[in-house]
Amino acid sequence: DVDAKDKIERILTALSREPVVTAAIWGCLLVAGTQHPSVFARQLLPLACAIPIMVSSDTRYQLGTFITAAYGNLTENERNIIETAILALPSNKPGERSKAILAGCIPKTLIITAEMRAYIEGMEHAGQSRQNVPPVQYTSSMSAFDTDAYLATEGVSLEDPESAALRELM
């Protein structure tokens, strides 16, 4: 929309006044920023630097994809702000995990600070780089159903006359 920037600004203003906002709402805004970084990157910068957003497993993946998509649309000063915020994350387990994941989302050619470059190089050298993956993933597989194989795994004798008659019906 032609007024997309204005709309997201109104959304951010309204949400900033709320005492509690679910992570799903913040995540949706980051997804919008990922899909349209040239439009929303600058407006979502404060969100991208918020410690609760950076360390939450509910928003970290969306933030990482946003950083990757938006980084080229940010000024050097704005990139410096993000890098400084990532490096300043707490030294506890969630903070260190988020720091490693989010640092890895920054396009290497666009890194601004020497501290971030050194941090990423140290992580890579130590083999401690972390990929940005969703906190939950579902996988499935399918194969042709083999009645005889299933019955054999259940301990059914395939030679028994009653089993043979049942198998024939199946």
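The values are calculated or read from the model by the stated rules, or taken from the named source; none is laboratory data. All of these numbers come straight from a predicted model, not from anything done at the bench. Please note: Cβ atoms are built from the backbone with ideal geometry, for glycine as well, and neighbour counts cover all protein chains shown. Protein only, heavy atoms only, side chains kept; ligands, DNA and RNA dropped before computing areas. Shrake-Rupley method; radii C 1.70, N 1.55, O 1.52, S 1.80 Å.
Taking a ≥ b ≥ c as the square roots of the eigenvalues of the Cα gyration tensor of the stretch 1-60, is the shape rounded (a/c under 1.5), prolate (a/b larger than b/c) or oblate? Taking the square roots of the gyration eigenvalues as a ≥ b ≥ c, the stretch 1-60 is oblate.
Go ahead and estimate [θ] at 222 nm for the chain from helices alone: -39,500 (n - 2.57) per DSSP H run with n ≥ 4, summed, over the residue count, rounded to 500.
-17500 deg cm²/dmol
Principal axis analysis of the Cα atoms in the chain yields extents of 80, 44, 30 Å, listed in decreasing size. The calculated FRET efficiency for Glu9 paired with Thr139, based on their beta-carbon distance and R0 = 30 Å, is about 0.15. Could you work out what % of the accessible surface of the chain is carbon and sulfur, using a 1.4 angstrom probe and leaving DNA, RNA and ligands out of the count? C and S fraction of accessible area: 55 percent. With protein chains left intact and a 1.4 Å probe, residues in the chain average 63 Å² of accessible area per residue. Between Leu151 and Glu76, the contour length at 0.36 nm per residue exceeds the Cα-Cα span by 20.5 nm. Put simply, when 152-161, 63-72, 28-37 are sorted by average Cβ atoms within 10 angstrom per residue, most first, you get 63-72, 28-37, 152-161.
The overall shape of the stretch 86-170, judged from the alpha-carbon gyration tensor, is prolate: a/c is not under 1.5, and a/b is greater than b/c.
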